[in-house]
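Below is one structure, written out as structure tokens, with a few remarks after it.
Just so it is clear, none of the values below were taken in a lab; they were calculated from the coordinates. Remember, predicted model here, so these are calculated numbers, not experimental data. Ideal geometry is used to build each Cβ from the backbone, glycine not excepted, and the neighbour counts take in all protein chains shown.
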Amino acid sequence: MSALEEKVAVVTGASSGIGAAVAEELAARGTSVVLGARRAEALQQVCERIEAGGGRAAWVRTDMRDESAVERLVETAVERFGKLDILVNNAAVGTVGTIAAGRTDEWRMMLETNVLGVLVACRAALRYMLPQRRGDIVNVTSAAAYEAWPYLAVYAATKAAVHALSQGLRAEVAEEGVRVMTIEVHNVAGTDFASRFDPIVARDAISTWERRGLLRRTSGMLATSDVARAIAFQLSQPDPASVHHLTLRARAN
Ligand SMILES: NC(=O)c1ccc[n+]([C@@H]2O[C@H](COP(=O)([O-])OP(=O)(O)OC[C@H]3O[C@@H](n4cnc5c(N)ncnc54)[C@H](OP(=O)(O)O)[C@@H]3O)[C@@H](O)[C@H]2O)c1
């Protein structure tokens, strides 16, 4: 029996990209998955793919900025599948722009989705994980957390915050049986992440990144399935092993 068989997981941001791939990977390994995001139709399509492949899945329309919606997402896992073993905090949003020309509404959206949303989801999951003295939380961060590029400073700050809060949370709950892990990824193809960038600002941002040697277009990109397999690897380690933090990049990137 695989380590992920008969587990129950919540995956946030599962309507596209990495989150959808993680939900599919976990389901293929026997985990029942509950998917959250704002785009209901896309969530339903991912669930239908999982179910067509023989997996078990449910979805809840969730805005990570809405505390009660995040709590409902987590509670649905227990109501629907009887328990909660895993939370993958993957939902996040990024916009491009300099701080000098920054928009407060965009900063608020990133901070509320990427940081507050993660905190609320962790707290909701711990309500089940701490009493059962068991559970795994994986928080998706970014290479940006350690090297903040121009035009992405606020997004980078949110990912640095996720890294720090994960370290602190790990120290709080490790002795209570809960594992807290992070995975830092860089340049993943096949996601919707950059599709929301303002095209004019993005053009300036990309030329700056290229001029400074930050963006190397020929170095290869990860696929969403690469990230999904790496997260499944973290979650499959037998207790007490914990891959606290994983850096995943394309070989030459
Ligand atoms: N792609 C990369 O190169 C890269 C690099 C480093 C880190 N990452 C990280 O990887 C993770 C996944 O990103 P991705 O590349 O797969 O991009 P993506 O396809 O845009 O996925 C982001 C997911 O987050 C969800 N989301 C955004 N805002 C939300 C909100 N307010 N409430 C609920 N869900 C929300 C989106 O769903 P809805 O729009 O349906 O709500 C979507 O499912 C993120 O944490 C990102 O920071 C990606």
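For a quick check: with amide H placed at 1.01 Å from N, whose amide H comes under 5 Å from Val96's, ignoring anything fewer than 5 positions away on the same chain?
Here Asp198 satisfy the definition.
What is the set of long-range amide H partners of Val34 at a cut-off below 5 Å, with H atoms built 1.01 Å from backbone N?
Ala9, Val10, Val11, Ala58
In whole Å, how far is the Cα centre of the stretch 52-71 from that of the stretch 196-225?
31
So what's the back-of-envelope 222 nm ellipticity for the chain, counting only DSSP H runs of four-plus at -39500 (n - 2.57) apiece and dividing by all residues, rounded to 500?
When only DSSP H runs of four or more count, the value is -14000 deg cm²/dmol.
Put +1 on the Cβ of every Lys and Arg and -1 on every Asp and Glu Cβ in the chain; which of Thr218, Ala241, Ser15 then has its Cα farthest towards the positive end of the dipole?
So the residue furthest toward the plus end is Thr218.
How large is ³J(HN,Hα) for each residue in the stretch 241-252, as worked out from phi by the Karplus curve 6.51 cos²θ - 1.76 cosθ + 1.60 (θ = phi - 60°), to whole Hz, x for Gly and Pro?
5, 9, 7, 3, 9, 10, 9, 10, 9, 5, 3, 9
Relative contact order, percent, of the stretch 8-247 when contacts are C-alpha pairs under 8 Å separated by at least 6 residues?
About 20 percent, as a whole number.
Select from the chain the helices, each a whole stretch of DSSP H, whose alpha-carbon atoms run 20 Å or more along the helix axis and whose Kyte-Doolittle mean is at least 0.5; answer none if there are none.
117-132, 153-173
Restricting the calculation to Cα positions, tell me the Rg (one decimal) and the Dmax (whole number) of the chain in Å.
My reading of the Cα-based Rg and Dmax gives 17.5, 54 Å.
Taking +1 at the Cβ of each Lys and Arg and -1 at the Cβ of each Asp and Glu, which of Val60, Thr98, Ile50 sits farthest along the dipole of the stretch 1-110 towards its positive end, judged by Cα position relative to the Cα centre?
Final value for the positive-end residue is Thr98.
I need to check one value: relative contact order of the stretch 104-253, counting alpha carbon pairs closer than 8 Å and at least 6 residues apart, in percent.
The normalised contact order for the stretch 104-253 reaches 25 percent.
Non-local amide H neighbours of Thr141 (under 5 Å, H modeled in plane, Pro and chain starts lacking H): which ones?
Ile183, Glu184, Val185
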